[in-house]
Amino acid sequence: MTDLSIVIVNWNGRALLEDCLASIEREVRGRTGQGRLTTETLVVDQASTDGSADAVRARYPFAEVIELPRNVGFAAGNNAGLRRAEGRHCALLNNDTVVLPGALERCVGYLDANPSVGVVGPQLLDPDGSKQNSIHSVPNLVSEIVPKAVLETIAPWRYPSKRYEHPGPVVVEAVLGACLVVRRAVLDEVGPMPEDYFMFLEETDWCWRIRRAGYKVVHLPDARVIHVHGATSKKRLPAETRIEYHRSLYHFFEKNRGEAVARTVFGLRVAKGVLRAATGWVGAPFSRRRRERWRQDVQVLAWHLRGRPAGAGLARLAAGEGAR
């Protein structure tokens, strides 16, 4: 059986995707000797119009291309690849990542050595080598009220972050979906990623379910992957991306914390949005960056006040207008 199935979801990210595949070819498939993994690579292309699928077939014939007729979202796109995957373990890899030497081998080795662990995630890095946040804490009412930096300072064991050096593997609540490796047995037992999210928090919800099934989720600081964070939707459609995150956040609370908590979080977010919109305009006339941020704040607040219409945000891209 193949050691590892690598699933990459793509929408109009040809240049990034080619860099990602080149790193797999160089650092994973090109490795020789002891510890070499047997792999398969599955590229799920979500109706790209930039020639992504043809470029992969021409330049990276080791990758199987699965073409979807439209953009179905991050979770559903990954699940299309997972249904075809045959590996003992499966890696979900963003198209804007670059695999560094030994990263996936460390992930697979840790899963093989620790049967109680269901999911592992590496340390994500910016292109300049600085650390990105690679750990998610499951959203709760406390994290909505108390600033994240405060929680990470007073309770680092409960809210681990990139601010601290981790000398070894860390048991966490969730890891980021930009790169995670899941055990095949977990897929069979828990099921695929939840498709009731278009984008954002689907991996957090999935890790929640995996932990409830009795498996651990672990961050591996010595496995490293470059992530060109925000290279896709966050830069092209910043306001829509923020709206989609809020939609996913409220859905997570409704699904896992209850309607009353979800309504409380909504009220808190609206209050924060009003405050930002009311104060953000002060510096806007003097800074293009502040004007853009204020414009986004107003758009996100307006979405809340209009009753969170489904036609806003990135979810509309599922109708064929584009995505991640």
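The values are calculated or read from the model by the stated rules, or taken from the named source; none is laboratory data. Small disclaimer: the values here were computed from a predicted structure and weren't measured. Cβ placement follows ideal geometry from the backbone for every residue including glycine, while neighbour counts extend to all protein chains displayed. Heads up: the accessible areas ignore ligands, DNA and RNA and are worked out on the full protein's heavy atoms, side chains in. Shrake-Rupley method; radii C 1.70, N 1.55, O 1.52, S 1.80 Å.
The table below lists the values:
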| item | result |
| --- | --- |
| Qualifying residue in the stretch 137-145 (condition: modelled with pLDDT of 95 or more, touching a strand residue (DSSP E or B) at 6+ places or on another chain (Cβ under 9 Å) and hydroxyl-bearing (Ser, Thr, Tyr)) | no |
| In the stretch 222-251, the residues that are open to solvent by less than 20 Å² (accessible area, probe 1.4 Å), touching a strand residue (DSSP E or B) at 6+ places or on another chain (Cβ under 9 Å) and modelled with pLDDT of 95 or more | Ala223, Val225, His227 |
| Residue match in the stretch 1-14 (condition: in contact with a Phe, Trp or Tyr (Cβ under 8 Å, 6 or more places away or on another chain), among the charged types (D, E, K, R) and without any contact (Cβ under 8 Å) to a residue 60 or more places away in the chain) | no |
| Residue check for Pro69: farther than 25 Å from Val28 by Cα and either touching a residue at least 60 places away in the same chain (Cβ under 8 Å) or out of contact with any helix residue (DSSP H, G or I) (no Cβ under 8 Å at 6 or more places or on another chain) (or both) | yes |
| Matching entry among Tyr164, Tyr197 (being part of a loop (DSSP other than H, G, I, E, B), in contact (Cβ under 8 Å) with a residue 60 or more places away in the chain and either in contact with a Lys or Arg (Cβ under 6 Å, 6 or more places away or on another chain) or aromatic (Phe, Trp, Tyr) (or both)) | Tyr197 |
| Set Ala91, Ala63: member being at pLDDT 95 or above and surrounded by fewer than 22 Cβ atoms within 10 Å (Cβ to Cβ) | Ala63 |
| Positions within the stretch 142-160 being of a type in the set (A, V, I, L, M, F, W, C) and open to solvent by less than 50 Å² (accessible area, probe 1.4 Å), in sequence order | Val146, Leu151, Ala155 |
| Where Gly51 falls short, out of the listed (1) open to solvent by less than 20 Å² (accessible area, probe 1.4 Å); (2) more than 22 Å from Ala223 (Cβ to Cβ); (3) not acidic (Asp, Glu) | (1) |
| Pairs where the first residue, in the stretch 104-127, is open to solvent by less than 20 Å² (accessible area, probe 1.4 Å) and assigned to a strand (DSSP E or B) and the second is modelled with pLDDT of 95 or more and acidic (Asp, Glu), C-beta under 9 Å, 6+ apart | Gly118/Glu189; Val119/Glu203; Gly121/Glu203; Pro122/Asp222; Gln123/Asp222 |
| Some residue of the stretch 171-178 being over 14 Å from the mean Cα position of the chain (by Cα), at pLDDT 95 or above and at positive phi | no |
| Count - residues of the stretch 3-45 that are at pLDDT 95 or above, in contact with a strand residue (DSSP E or B) (Cβ under 9 Å, 6 or more places away or on another chain), of a type outside the set (A, V, I, L, M) and open to solvent by less than 60 Å² (accessible area, probe 1.4 Å) | 9 |
| Identity of the residue in the stretch 300-324, on the phi > 0 side of the Ramachandran plot and at pLDDT 50 or above, that ends up least open to solvent (accessible area, probe 1.4 Å) | Gly313 |
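This table checks each residue for (1) over 20 Å from the mean Cα position of the chain (by Cα); (2) in contact (Cβ under 8 Å) with a residue 40 or more places away in the chain; (3) under 21 Å from Arg224 (Cα atoms); (4) in a helix (DSSP H, G or I).
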{"residue": "Leu16", "(1), (2), (3), (4)": "no, yes, yes, yes"}
{"residue": "Leu21", "(1), (2), (3), (4)": "no, yes, yes, yes"}
{"residue": "Glu27", "(1), (2), (3), (4)": "yes, yes, yes, yes"}
{"residue": "Glu40", "(1), (2), (3), (4)": "yes, yes, yes, no"}
{"residue": "Asp45", "(1), (2), (3), (4)": "no, no, no, no"}
{"residue": "Ala53", "(1), (2), (3), (4)": "yes, no, no, yes"}
{"residue": "Ala58", "(1), (2), (3), (4)": "yes, no, no, yes"}
{"residue": "Glu64", "(1), (2), (3), (4)": "yes, no, no, no"}
